[in-house]
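Written out below as structure tokens is the structure these notes cover.
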Amino acid sequence: MKRRLAIALLVLTAACERERRDFKLPNGDHLTAATQVSQLQPGAPSPPPVVESPFQDNAYALSEGKRLYSAFNCVGCHAQGGGAIGPALMDHRWIYGSRPDQIFSTIVQGRPNGMPSFAGKIPDQQVWQLVAYVQSMSGNVPKDAAPARNDDMQASKPELRREPKPPVQTGHR
């Protein structure tokens, strides 16, 4: 009996940890100054530094990024990732790069012709959450961490489904 109880306790203890939540953030000030947004440079090309998004595998941070994407009105320019006034975020061709540090720099520094700078307006943690969500739009995060589509983006809303009515005949034959 004690052995079964110990095994059950061990299994429950192991099951409690769903995902690792390590919230050490890369220094945003260093990123915005050092991130290359183009391959054009004088001299021999140097490999870009590898900067991983701290939240790319974290389901909670991705869902927070999704919430912030709407709260900061990213939807107003980029729609739900398909592009509108701003470029699409669901494809693989991004003007200023799709690496996490490049997305971070784009959000913080802004870009010419429309992308505003959010420097000093959004804390680094929230910028990283936005970065993770934007990466999820193009499928660059694990599927088990990626948030689902909004209810308003579903193919058909259950409350709008109607059973077809039989045709009503009017008049005489």
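The values are calculated or read from the model by the stated rules, or taken from the named source; none is laboratory data. The model shown is predicted, which means the values in this text are computed figures rather than measured ones. Here the Cβ is made from the backbone with ideal geometry for all residues, glycine too, and neighbour counts use every protein chain on show.
If you take the residues in the range 63-100 that are part of a helix (DSSP H, G or I) and more than 13 Å from the chain's Cα centre (by Cα), which one is surrounded by the most Cβ atoms within 10 Å (Cβ to Cβ)?
Applying the filter and picking the extreme gives C77.
Evaluation of Y133 against the conditions (1) at pLDDT 85 or above; (2) part of a loop (DSSP other than H, G, I, E, B); (3) not charged (D, E, K, R) shows that the sole unmet condition is (2).
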